[in-house]
Amino acid sequence: MKKDKSMRKNNFITGAFIATLGIVITKILGILYVIPFHSIIGDKGGALYGYAYTIYLFFMSISTAGIPLAISNIVSEYQTLGYYNAKRRAFIIGKRVALLLGFISFLILMLCAPILAKFILGDLTGGNTIEDVTLVIRVISTAILVVPVLSIYRGYFEGHRFMIAPSISQVIEQLFRITIILLGSYLSLKVFKQSLSTAVGIAVFGATAGAIISYLYLLHKRIRNRKKFNERIRPVNEPIITNKQILRKIVFYAVPFIMIDLFKSLYSCIDMVTVVKGLVKYAKFKTSNAEVIMSMLSTWAAKFNMIIASISAGVIVSLIPNLTKSYVDKDSKDMNKKINQSISIVLFLALPIALGISFLSKSIWMLFYGKSIYGPSVLSYSIFIGLFMSLFTVVISVMQVFKNYKAILISLLSGVIVKILLNNYLIKLFHQLGLPEYHGIITATILGYLLSFIICLVVLRKKYKVNYDELVKNFFDILCGSILMVIVLYLFKFVMPIYSDIRIMNLLIIIIYGIIGVLIYFIYTYKTKTIINIFGKSFLKKFKIKKEK
């Protein structure tokens, strides 16, 4: 029998690279499909799709978000300590808890969909109806029956530091989801002439179908590699750990993760219930135009934010089990190194990508969605939400490993309160200043994440003596490299235009500008040894060896 290369254990940097690559590929696929999808369902359909997904993600954060990472954390801890029986039972109990929470969330969405739809739209007319929103919420609720168990399997794999198989499962899930979204919505609208709400309903069902296929893949991997999961690396006399103790530990670990995702979902929920009404009331937008902007913030521009956010997601997947191991071993030097390294990796990848997308926002929007009054302006600023959200996600996950739940709650609450207080106020203020009103909404989100990030940094510094000297140096080099990249791209505008009215020509523009930007940035960071400082010589040597092979 051939060795299963997807079931090799990975160290922190390699694991972070693999997990990030898998998530980035998934998000790139998630961006590419929106070109035909936007052409099929338009901005009104995009708003409807965004309503469904915002509600879905909110309930997913309650039923799923914390448990997979908790399982990853607990499995890593028990594996390090040699508690193999407890590790196995933690996996079983985690599945049962996820199934129960998923089923409860499913019932709530099915029964309360009309109430939620009314809460979202209120008395607004001229756009999507309450019946439309009710339908898509009920359809997407079926995904909550499958995704929780799938997520538990991913957490179990990652807890053993098997990063490749979960990454592949994400790509598989996305491929099947996209197939159903595009094929289903096209056939429904263009061939069978069904309503827009029906087409969007079929599209959101793609989340359920993709999750089922991905789950079957991981189930097959686990059965095939059972011996690797049962491998004993440390002979110890395992203490008696009851199921009740394991359940308490899962809840203890999961609740902070649930809080993190719940509060992140609240940002979208706040927008969902305030943006359209706020733009109509304070900026005198028509409901239809306000829904167009809402669709951009929640669906079309948000797709690009997910590329940025996927970087932190990949880092965290590898960081949690590795940092937990260092925490259990009480290796403060290694913990300090991994925290600085994690934030540096996110900055190294996310900052130049965010600046590049912002700089090319007009040509990117034209390529993906066609001409738009608001689109490029929304994208050029909203892309930085992904950057600050990524930084916040990394440090809040570190706080979770250290079990400082008080600081977690304070930072999360502070960010959301800022968002609630500033959302409508900044719409009104930006309108009075003659600035795009929707930039006020984006600013409120960025300020919320920034405040949460700063609070966590201060706590890590004061309570855990985390030293940021290396991070500051890396940040300065990354910032200089990113600014140099933007300056060169700006000067290149005098040689080659940055935008074309011919849609497909923008692809060539993006590729050429992208290649130049990447070359400038990586040459600078290589010459200043920033890459070596962040990733380490051993990782780069390993990468070179693989490339030569």
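Give, in whole angstrom and from largest to smallest, the semi-axes √(5λ) of the equivalent ellipsoid of segment 136-193, with λ running over the eigenvalues of the Cα gyration tensor.
Ellipsoid half-lengths, sorted descending, are 30, 15, 5 Å.
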- Task: Mind checking segment 139-243 for chymotrypsin sites (Phe, Trp or Tyr not before Pro) that DSSP puts in a loop (not H, G, I, E or B) and that have at most 14 other Cβ atoms within 10 Å?
- Result: Phe192
- Note on the structure: Mean Cβ-within-10 Å packing, highest first, puts peptides 388-396, 455-463 in the order 388-396, 455-463
- Quick one: if you stick a label point 7 Å off each Cα along the C-beta vector at Leu21 and Leu187, how many nm between them? 3.5
- Query: Can you pull the Rg over Rh of segment 56-125, Cα-only, Kirkwood?
  - Reply: 1.24
- If you keep only loop residues by DSSP, which trypsin sites (Lys or Arg not before Pro) in segment 198-236 have at most 15 other Cβ atoms within 10 Å of their Cβ? Arg232
- Cα-Cα pairs in segment 349-392 separated by more than 11 Å, as a whole percent of all pairs, come to 62
- Query: How many percent of Cα pairs in segment 421-520 exceed 17 Å?
  - Reply: 72
- Per principal axis, descending, Cα span of segment 114-267 in whole Å: 68, 33, 22
- Normalised by the residues of segment 405-549, what does the relative contact order come to in percent, with Cα pairs under 8 Å and at least six apart? 19
- segment 231-279: radius of gyration over Cα atoms, expressed as a fraction of 2.2 N^0.38 Å: 2.12
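So how strong a dipole does segment 242-296 carry about its Cα centre when Lys and Arg Cβ are +1 and Asp and Glu Cβ are -1, to the nearest 20 debye?
With only Lys, Arg, Asp and Glu charged at Cβ, the dipole is about 180 debye.
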- Any chance you could check the Cα centroid distance between segment 145-191 and segment 436-494 for me, in angstrom? 31
- Message: Given 10 °C and 1.306 mPa s, compute D for segment 432-473 with the Stokes-Einstein relation, Rh being the Kirkwood radius over Cα pairs; round to the nearest whole µm²/s.
- Response: 127
- Cα atoms only, segment 300-361: Rg and Dmax in Å? 14.6, 46
- Can you give me the pair-distance distribution of segment 197-353, C-alpha pairs, 5 Å bins, whole percents? 2, 6, 7, 10, 15, 16, 14, 11, 8, 5, 3, 2, 1, 0, 0
- Task: Report the extension gain between Ile233 and Ile373 in nm, rounded to one decimal, defined as 0.36 nm multiplied by the number of residues separating them, less their alpha carbon distance.
- Result: 44.4 nm
- What's the local net charge at Asp501, with K and R +1, D and E -1, over the other residues with C-beta under 15 Å away? +3
- Note on the structure: Quick numbers on segment 270-341, Rg and Dmax over C-alpha atoms in Å, give 20.6, 59
- Work from the charge dipole of segment 194-250 (Cβ charges, +1 for Lys and Arg, -1 for Asp and Glu, about the Cα centre) and give the residue of Gln245, Leu219, Ala207 farthest towards its positive end. Gln245
- Message: Viscosity 1.567 mPa s, temperature 4 °C: give me the Stokes-Einstein translational D for segment 360-454 in µm²/s, with Rh taken as the Kirkwood radius over C-alpha pairs.
- Response: 89
- Message: Cα atoms only: what Rg and Dmax, in Å, come out for segment 207-296?
- Response: 23.6, 70
- Query: What area, in nm² and to one decimal, does the C-alpha convex hull of the chain cast on average over all directions?
  - Reply: 26.3
- For Met306, Met163, Met485, what's the fewest-to-most ordering of other Cβ within 10 Å of each Cβ? Met306, Met485, Met163
- Convex hull of Cα atoms in segment 83-191, direction-averaged projection (nm²): 9.2
- If every Lys and Arg gets +1 and every Asp and Glu gets -1 at its Cβ, then about the Cα centre the chain yields a dipole, in debye to the nearest 20, of 2160
- If you keep only loop residues by DSSP, which chymotrypsin sites (Phe, Trp or Tyr not before Pro) in segment 470-517 have at most 11 other Cβ atoms within 10 Å of their Cβ? Phe494
- Query: What's the Kirkwood radius of segment 261-395 in Å, using all Cα pairs?
  - Reply: 16.6
- Nearest-20 debye value, segment 429-549 charge dipole, Cβ charges on Lys, Arg, Asp, Glu: 940
- Dipole of the chain [Lys/Arg +1, Asp/Glu -1 at C-beta], most positive-end residue of Asn506, Leu323, Trp365: Leu323
- Distance in nm between label sites at Leu433 and Lys286, each 7 Å beyond Cα in the beta-carbon direction? 2.9
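Which value in deg cm²/dmol, rounded to the nearest 500, describes the helix-derived mean residue ellipticity at 222 nm for the chain, given -39,500 (n - 2.57) per DSSP H run of n ≥ 4 and division by the residue count?
Values: 21 runs with 443 residues, N = 549.
Here the helix-only value at 222 nm equals -28000 deg cm²/dmol.
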- Residue among Ile152, Tyr78, Ile442 farthest towards the positive dipole end of the chain, charges placed on Cβ: Tyr78
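Values quoted throughout were computed directly from the atomic coordinates according to the rules given, and no laboratory measurement underlies them. Predicted, not measured: the structure shown is a model, and the values here were computed from it. Note that each Cβ is placed from the backbone with ideal geometry, even for glycine, and that neighbours are counted across all protein chains shown.
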